[in-house]
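S.K.: Pasting a structure below so you can have a look.
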Amino acid sequence: MREALLQLLRGERPATHVWTADLGYWLHARAQEGTAKPEWMTTEGRLRFLQGLGIMPYYECGMSAYQTLYDDTVEISQEIAGTKTLTRYRTPVGTLLKEETYLPQSFCKALTRHPVGSERDLDVLLHIVEHRRLVPADMQVYRERAETAARYGGVPILAVPRSPLPEFFYDWAGLQAAVLLLADCGEQVRRILQAIERQGDDVLESVCVASPPLVHFCDNLTSATFTGLYDEFMAGPYRRRLDRFHAAGVKCAVHLDGTVRGLLPKLAAAGFDAIESLTPRPVGDVDLADMRRLADSNSVILWGGVPGAMFAPPYGWDEMRKHVMRLLDCWEEGPFILGTADQVPPDADIEWCRRIADLLRAR
């Protein structure tokens, strides 16, 4: 499957289907409840586990292409109070507060208070952004991880800095406040977005020099939020990044795991080589049979198609089997990677991953 993925990235048609599944959430839940096997705590142990399930390792063996450093005018502290984690960003121009709440029934955190909610908060955020640096990661570490992943038939994900508007929405303001601040304080928000984009230059250059086969834009997109803002705020930054990576021979995937209809054609037209975590009906808003037509591209790699929600009740294996077989029929004429969309949930029957692999081998 590793070679098949590389063939897809080269524009070739492989003889083997690629099957990827993000098990990070499922493995985290096992660790939280104390049922995780000790070997799952190591990279090679996870790779062996994935290999045994018939999954091509990708998500569990990768790394970020950067780290974030702040100067001494930004003080970050954390406080844990029960199920809540409070993060404070103290600066000379003010303080921002982020609140995350752990939900034990679902083994995850919810962001219950975003740091930015007012015009005054934008001044603080601008100071934070202007007084931080995105430092390239040691790409020798990536090469070592790539060698390890290759021994288990995988390719490691390499995450590049989140694009400006998705960072503003997800990491700082949240949907409602971000939309209102764009309307009421548009010039301030634009200054912040421009500063965010400039900060990625050193990281992008480092990645281009290393020339990995694939980088991932982990922007966590959904059409319901970003379609109406795409042309003004996202098309330009995407085009500039894609031009830079493609000139260095680096292919690019972007994470679209929400509603699909508005953004899929825009992302394909922008030049992304793969659009990952595509979530079709019965969970998403577009039928499997309509994905390729909607993308309006015979070359973009459709990646995903298997909703994570279908791994858990009320769905049964027969429904999953029929869904996967229909996906293969609907997507067979163009390049695609079979993948979960988004993650396999904690209450999933993990053996279904192996059974999907068996379906592909029997195809």
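S.K.: Exactly one condition in (1) in contact with a strand residue (DSSP E or B) (Cβ under 7 Å, 6 or more places away or on another chain); (2) farther than 18 Å from Gly339 by Cβ; (3) of a type outside the set (Asp, Glu); (4) part of a loop (DSSP other than H, G, I, E, B) is false for Leu242; which is it?
M.R.: With respect to (1) in contact with a strand residue (DSSP E or B) (Cβ under 7 Å, 6 or more places away or on another chain); (2) farther than 18 Å from Gly339 by Cβ; (3) of a type outside the set (Asp, Glu); (4) part of a loop (DSSP other than H, G, I, E, B), Leu242 is out only on (4).
S.K.: Assess whether Ala348 counts as being in contact with a Phe, Trp or Tyr (Cβ under 8 Å, 6 or more places away or on another chain) and more than 18 Å from Val18 (Cβ to Cβ). If you could, list the steps in order and put the result at the bottom.
M.R.: On the way: in contact with a Phe, Trp or Tyr (Cβ under 8 Å, 6 or more places away or on another chain): yes; more than 18 Å from Val18 (Cβ to Cβ): yes.
The answer is yes for Ala348.
S.K.: Looking at the stretch 19-59, which of its residues are part of a loop (DSSP other than H, G, I, E, B), in contact (Cβ under 8 Å) with a residue 60 or more places away in the chain and touching a Gly at 6+ places or on another chain (Cβ under 8 Å)? Talk me through it step by step, then tell me what you get.
M.R.: Here is the first cut: in the stretch 19-59, the residues part of a loop (DSSP other than H, G, I, E, B) are 23, 34-37, 42, 54-58.
From what is left, the residues that are in contact (Cβ under 8 Å) with a residue 60 or more places away in the chain are 23, 54-58.
Hits for the stretch 19-59 are Met56, Pro57, Tyr58.
S.K.: Still on this model: Please go through the stretch 317-340 and pick out each residue that is under 25 Å from the mean Cα position of the chain (by Cα) and either assigned to a loop (DSSP other than H, G, I, E, B) or modelled with pLDDT under 95 (or both).
M.R.: Glu332, Gly334, Pro335
S.K.: State whether one or more residues within the stretch 185-197 are free of Cβ contacts under 8 Å to residues at least 60 places away in the same chain, of a type in the set (Lys, Arg) and over 27 Å from Ile128 (Cα atoms). Reasoning before the result, please.
M.R.: First pass over the stretch 185-197, keeping only residues free of Cβ contacts under 8 Å to residues at least 60 places away in the same chain: 186-187, 190, 193-194, 197.
Subsequent filtering for residues that are of a type in the set (Lys, Arg) retains 190.
Narrowing further to those that are over 27 Å from Ile128 (Cα atoms): none.
Within the stretch 185-197, not a single residue is free of Cβ contacts under 8 Å to residues at least 60 places away in the same chain, of a type in the set (Lys, Arg) and over 27 Å from Ile128 (Cα atoms).
S.K.: So, one more: Go through the stretch 104-155 residue by residue and tally those that are within 30 Å of Pro213 (Cα to Cα), among the charged types (D, E, K, R) and in a strand (DSSP E or B).
M.R.: Total meeting the criteria: 2.
S.K.: Could you check the stretch 90-103 and list, in sequence order, the residues that are in a strand (DSSP E or B) and under 9 Å from Val124 (Cα atoms)?
M.R.: The first filter runs over the stretch 90-103 and keeps only residues in a strand (DSSP E or B), leaving 90-91, 94-103.
Answer for the stretch 90-103, where residues must be in a strand (DSSP E or B) and under 9 Å from Val124 (Cα atoms): Arg90, Thr91, Gly94, Thr95, Leu96.
S.K.: Return the residues of the stretch 130-147 that are over 12 Å from Ser206 (Cα atoms) and of a type in the set (Gly, Ala, Ser); say none if nothing qualifies.
M.R.: Ala146
So that you can scan it fast, the table gives a plain yes or no per residue for (1) of a type in the set (Ser, Thr, Tyr); (2) crowded, with 16+ Cβ neighbours inside 10 Å; (3) at positive phi:
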residue: Leu256; (1), (2), (3): no, yes, no
residue: Ala289; (1), (2), (3): no, no, no
residue: Ser297; (1), (2), (3): yes, yes, no
residue: Pro313; (1), (2), (3): no, no, no
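S.K.: Could you please tell me which pairs satisfy a Cβ distance under 9 Å, a separation of 6+ or placement on different chains, a first residue in the stretch 311-326 that is over 18 Å from Val286 (Cα atoms), and a second residue that is among the polar types (S, T, N, Q) and modelled with pLDDT of 95 or more?
M.R.: What qualifies is Phe311/Thr340.
S.K.: Regarding Tyr70, is this residue surrounded by 16 or more Cβ atoms within 10 Å (Cβ to Cβ), touching a strand residue (DSSP E or B) at 6+ places or on another chain (Cβ under 8 Å) and in contact (Cβ under 8 Å) with a residue 12 or more places away in the chain?
M.R.: Judged against the criteria, Tyr70 is not a match.
The values are calculated or read from the model by the stated rules, or taken from the named source; none is laboratory data. The shown structure was predicted, so the numbers you read here are calculated from the model rather than taken from an experiment. Glycine also receives a Cβ, built like all others from the backbone with ideal geometry; neighbour counts cover every protein chain displayed.
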